[in-house]
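Read through the structure below, which is laid out as structure tokens, and then see the notes.
A short reminder: the numbers here are calculations on the coordinates, not readings from a lab. Just so it is clear, the structure is predicted and the values come from calculations on it, not from any experiment. Neighbour counts run over all protein chains shown; Cβ positions are idealised from the backbone, glycine included.
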Amino acid sequence: MYIIATIAQLIDALLGIVIWVVLAQVIVSWLIAFGVLNTRNHLAYSLVDILDRLTRPVLRPIRRIIPPIGGLDLSPLVVLLLIEYVIRPLLFHYVTLPALMESR
């Protein structure tokens, strides 16, 4: 029982990291779009490349279903909503339900 709870906590921590990386990628893409960040700078290009490589596997399936609308990419929003309102509640459900059943 404790192993399942530990695995669920590990998955939740990984999902938290995914959320922060997706948010960082969104902010960096805004900075590039508004001309604040120049991708000709080697450090800026490296940051953009790393964030793109980290988020591409998560965002690509969503981008296949929902293409950019008017130049606005909604895939990060969809991923964040899926994590917060579908995956995390399921994790919470599968961790707390067996614990409640044991306490009876």
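Per-structure values
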| quantity | calculated |
| --- | --- |
| Nearest 10 degrees, 0 to 90: helix 2-33 Cα axis against the chain principal axis | 20 degrees |
| Length released on extending from ILE69 to ALA24, taking residue separation times 0.36 nm less the Cα-Cα span | 14.1 nm |
| Computed helical MRE - 222 nm, the chain, DSSP H runs ≥ 4 contributing -39500 (n - 2.57), nearest 500 | -26500 deg cm²/dmol |
| Region 36-62-region 3-21 distance, computed between alpha-carbon centres (Å) | 23 Å |
| The chain: mean projected area of Cα convex hull, nm² | 8.2 nm² |
| 0 to 90° range, to nearest 10: angle between helix 42-65 axis and the chain longest Cα axis | 60 degrees |
| Nitroxide proxy distance, nm - points 7 Å out along Cα→Cβ at THR6 and ARG56 | 3.5 nm |
